[in-house]
Each structure stands twice: as C-alpha cells, then as structure tokens.
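*Asks:* Below you will find the structure I want to go over with you.
The values are calculated or read from the model by the stated rules, or taken from the named source; none is laboratory data. All of these numbers come straight from a predicted model, not from anything done at the bench. Cβ placement follows ideal geometry from the backbone for every residue including glycine, while neighbour counts extend to all protein chains displayed. Side chains included, ligands, DNA and RNA excluded: accessible areas come from the protein's heavy atoms. Shrake-Rupley method; radii C 1.70, N 1.55, O 1.52, S 1.80 Å.
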Amino acid sequence: MDLFDHASRKDEATLAPLAERMRPTRLEEFVGQEHLTGEGRFLRRAIQQDQVPSIILWGPPGTGKTTLAHLIAHSTGAAFESLSAVLSGVKEIRETVARAQERWKMRRQRTLLFVDEIHRFNKGQQDALLPHVEKGTVTLIGATTENPSFELNAALLSRARVVTLRGLEEEELVALLRRAVESPRGLAGKVRVDDEALTFLVQASGGDARKALTALEAAAAHGGGRVDKAIAEEALQHKALLYDKAGEEHYNVVSAFIKSMRGSDVDAALYWMTRMLEAGEDPVFIFRRMVIFASEDVGNADPRALGVAVDALRAFELVGLPEGTLPLTQAVTYLALAPKSNAVISAYAAVRAAVTEGGALPVPAHLRNAPTKLMKSLGYGAGYKYPHNFEGNYVPEDYLPSALKGRRFYTPTRNGFERELAERYEELQRQLEGRTREPGEEG
C-alpha cells in the first residue's frame, strides 16, 4: 500500500456514515444477541474453538448479521469473501470458489463466504453453491430477513445451521448510542445528547442498530453541539416512515395492506402501499402479493383483476422507479374496488381435501385414452361423448371418479362477473341431474 492508498482509506473512514464507523472490530464490542454471543453460548464457543460451521443468520435489519460475519472471519483468521445475492450470479459464485480453492492449496487458509440477502438466490444459484458448502471449500454465512425455510432449498438448509437474531432492546440501543457519542470513531464527545433525545432516537429505530446510529448522526448534524428531544424530532421528521420496515412491523404493514384491499377500502390500501414503499420495500414484493390477491380475493368476480395485476408488474419492470409507482397505484385502486370472491381458493382447498382423503381414484373408463387396439378392447374411451358434436357444444356427462360422483367443489358467489358463472354453473348442473340415464352409461 503506498501513501496515496493510505490517505485514500483514511479519507474513506472519515467520510463513512456513523453506523459504518462504529461497526465493532472485536466480539467484545458487539451489542445484543446474548443468546448467541454471550459466554458459553453457541456462536461464541464456535468462534473461540475455531469451529464455525456454515450458518444462516436470520433476523430483522440492523441486528448485526453483516457485523457478525466480519467478526467471525477476523477472529478465526479465515479469508473473507462477500457476495450480494442481488448483484451476484453463478459466474461470481464460481469465481469466488476458485479463489477459495487456490487459497487453501497455496496457504491452507480457509475461506468464509458471506452472502447478503441470501433469500434472493434462485434455485440455480443455490445449486451452484451447494457442493462447495458440502465439501467445505467455503464456510457459508448467509444473511436473510426472510424465513429461510421458505426461501432456501432443503439441501442447502440441511448443511447450514440457522441462527435467529432479534431486534435490539431499548437499553442495548441506548448503550450503543452513548458509545457512539463518546468514541473517537464516532462523535468523539463533541456533541451532547440528552437522555430524552436518546430515548426518542431509540424508539424511532424499531430495534435496528443501523437506523439508530443513522438517526443519531442526523440529529447531531441538525443540532450542532447539543441534541435535545425537540431537535431529534425536527431532524427525523422526514425520516420517520423509514423506521417502520423492521421485523414484525414489516409483516403487520403487509397484512394491513392486504386486508384493506380485501375490505374494499381503497384509501387505506393506498396508505399502506405507500408506507411499504417509503420504508424501502422492494416493489416487486408488493406486486407479487397483489397477483396472489387478484386470484385469492377477487377471482372470477372480476377475471380482469389478475390481468391488471400482472400487467402492472410488467409495466413496472419496463419503466422502474419512480414512474413505476403509477401502474402500482393504478393496480391497487382497481383491486381494492373490484368485486370480491374467495371461491377460487375455497374450491382448491375442497378439491385438495378430496384428493388427500380419497387417494388416486381410478379414471372412469369412458375418459381414458385409447391409442391402441388392446386399450380399446378393454373399454378405454367407450361411450365418450364429444361435446362439440352436440347442440350448444355441451352434453351432460360424468367426469369425476365414480366415488366422487355428484360432488361440488366450486361455489361461485353472486358478486360481479361471478354471478354469470354461477348462473351458468347452476344451469349445467340442472341438465346433468335431469338427464335420462341409459343402461351401461356408467362405463
């Protein structure tokens, strides 16, 4: 490293945000997660014994996942490699693994691979990583805010230990902010922060250490040499909404959004949608929820709703932000005001229960495929009536297995377009039930 590199790194450290400057460099500086890092606890023992397995760190933002990964690498002497699941693909995984193999071959140094937002890895990326985790070429530390059992495949999960991090308690965050006020790496004692202001900043952070430190930095810049509660409130008035995307509150807001659309309250739906966007939520996540909603809660009451949701997603992918908020808003207003029906999900649940209870019931003979003479001689396809040969392109016929004959799974509502489907459904049922049965018609 020459003098210019050294000066550049020094400038970067000075210009780095407070949260980055205060990142712990030793395990003893780490705040929170005592159930993992306290004396005698799993992670501390693993680090002390230099036997850290591949792990998945699951927890809300700002709880120390990235910091723990750095501390583990530093404490064990492993080389640290980092990948972002958002920006990295199979190519980057292979290049990282190649470096790890070379490092072990030349220096017998292990490699710790940190994958941020690992829940965003698709199946191909997870499959590319799996054999190298299995062989120990890399020790994987994945960080995720999403439930790993939903987002990661079973094979990868079986080779890593999932550890859960929690949002930091108020007293832990207060201690963290006090340290930042006094530390030479932080505010170096140049700013006085009242206890009331500290409490406000901590409560605004929602258990997120990074947000607490960022809030402190904003308040210190706004207040000069002294920060009281009024200055803290003034400094954060434009950022208050950002503190809502953390842990349980994140899922609470998503739930409120869905229930507002389900309840046809368009104004509330727009409010919760905007709360999520302003909290930094990935718009694609919101669109996915809306596509599900279009089938689950609107369904055939308005068959166009699904198309509206999917088209809005495509429009967003085409234009991105900020203009992408327009098709998002358009779709939310449409779905909230559309007639509602849960007949689709109810029908699937009913059919699934019948399949589970009845098992693989035999296909009626008249519905079976008969491509060979033998099959035809066995009665396959015998008696099948081709609907297009009949008036109205319909002929009453039984299509369910005989054990389920007469069962009805779909119960359309009288809402929106589904009223028309309900009327047609009832008319078809009447024709089916009123037909004149012929001998041997059962096949």
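*Asks:* Can you list the helices (runs of 4 or more DSSP H) lying wholly within the stretch 112-172 that have 1 or more residues being touching a residue at least 40 places away in the same chain (Cβ under 8 Å), over 19 Å from the mean Cα position of the chain (by Cα) and buried (at least 17 other Cβ atoms within 10 Å of the Cβ)?
*Replies:* Those helices (runs of 4 or more DSSP H) span 123-135.
*Asks:* Have a look at Thr144, Thr63, Thr67, Thr139 and point out the one that is of a type in the set (Ser, Thr, Tyr) and over 30 Å from Val202 (Cα atoms).
*Replies:* None of the other options fit; the residue is Thr139.
*Asks:* Is at least one residue of the stretch 80-95 in a loop (DSSP other than H, G, I, E, B), touching a Leu at 6+ places or on another chain (Cβ under 6 Å) and either assigned by the TED database to the domain that holds Asn147 or buried (at least 17 other Cβ atoms within 10 Å of the Cβ) (or both)?
*Replies:* Checked against the condition, which is being in a loop (DSSP other than H, G, I, E, B), touching a Leu at 6+ places or on another chain (Cβ under 6 Å) and either assigned by the TED database to the domain that holds Asn147 or buried (at least 17 other Cβ atoms within 10 Å of the Cβ) (or both), the stretch 80-95 yields no hits at all.
*Asks:* May I ask you to say which residue of Leu57, Leu36 is touching a residue at least 60 places away in the same chain (Cβ under 8 Å) and assigned to a strand (DSSP E or B)?
*Replies:* Going through Leu57, Leu36 in turn, just one is touching a residue at least 60 places away in the same chain (Cβ under 8 Å) and assigned to a strand (DSSP E or B): Leu57.
*Asks:* Just for the stretch 61-79: of the residues that are open to solvent by 30 Å² or more (accessible area, probe 1.4 Å) and part of a loop (DSSP other than H, G, I, E, B), which one is farthest from Leu113 (Cα to Cα)?
*Replies:* For the stretch 61-79, the residue satisfying everything is Pro61.
*Asks:* Continuing with the same structure: Using the structure shown, decide if Val52 is closer than 28 Å to Asp127 by Cβ, open to solvent by less than 80 Å² (accessible area, probe 1.4 Å), assigned by the TED database to the domain that holds Leu129 and in contact with a helix residue (DSSP H, G or I) (Cβ under 6 Å, 6 or more places away or on another chain).
*Replies:* yes
*Asks:* Are any residues in the stretch 372-392 open to solvent by 90 Å² or more (accessible area, probe 1.4 Å) and over 22 Å from Lys405 (Cβ atoms), and if so, which ones?
*Replies:* Across the stretch 372-392, the qualifying residues are Lys373, Leu374, Lys376, His388, Asn389, Glu391.
*Asks:* Being within 46 Å of the chain's Cα centre (by Cα), surrounded by 12 or more Cβ atoms within 10 Å (Cβ to Cβ), among the hydrophobic types (A, V, I, L, M, F, W, C) and at pLDDT 85 or above narrows it down to one residue among Ala353, Ala422, Ala365, Ala347; which is it?
*Replies:* Matching residue, one of Ala353, Ala422, Ala365, Ala347: Ala347.
*Asks:* Would you pick out the residues in the stretch 411-425 that are touching a residue at least 60 places away in the same chain (Cβ under 8 Å) and assigned to a helix (DSSP H, G or I)?
*Replies:* Glu418, Leu421
*Asks:* Yes or no: Asp127 in contact with a strand residue (DSSP E or B) (Cβ under 8 Å, 6 or more places away or on another chain) and either small (Gly, Ala, Ser) or at pLDDT below 90 (or both)?
*Replies:* no
*Asks:* Applying the selection to the stretch 179-214, what residues are touching a residue at least 40 places away in the same chain (Cβ under 8 Å) and either in a loop (DSSP other than H, G, I, E, B) or not small (Gly, Ala, Ser) (or both)?
*Replies:* Arg179, Ser183, Arg185, Gly186, Leu187, Gly206, Gly207, Asp208, Arg210, Lys211, Leu213, Thr214, listed by residue number.
*Asks:* Among the residues of the stretch 370-402, which ones are over 22 Å from Glu426 (Cα atoms) and either touching a helix residue (DSSP H, G or I) at 6+ places or on another chain (Cβ under 7 Å) or at pLDDT 80 or above (or both)?
*Replies:* Ala370, Gly379, Tyr380, Gly381, Ala382, Gly383, Tyr384, Asn389
*Asks:* Restricting to the stretch 173-228, name every residue that is open to solvent by 30 Å² or more (accessible area, probe 1.4 Å) and in contact with a Gly (Cβ under 8 Å, 6 or more places away or on another chain).
*Replies:* Across the stretch 173-228, the qualifying residues are Arg179, Glu182, Lys190, Arg192, Gly206, Arg210, Lys211.
*Asks:* What pairs come out if I take residues in the stretch 381-410 that are touching a residue at least 12 places away in the same chain (Cβ under 8 Å) and assigned to a loop (DSSP other than H, G, I, E, B) and pair them with residues that are open to solvent by less than 60 Å² (accessible area, probe 1.4 Å) and among the polar types (S, T, N, Q) whose C-beta lies under 9 Å away, six or more apart or interchain?
*Replies:* If the second residue must be open to solvent by less than 60 Å² (accessible area, probe 1.4 Å) and among the polar types (S, T, N, Q), the pairs left are Arg408/Gln429; Phe409/Ser346; Tyr410/Ser346.
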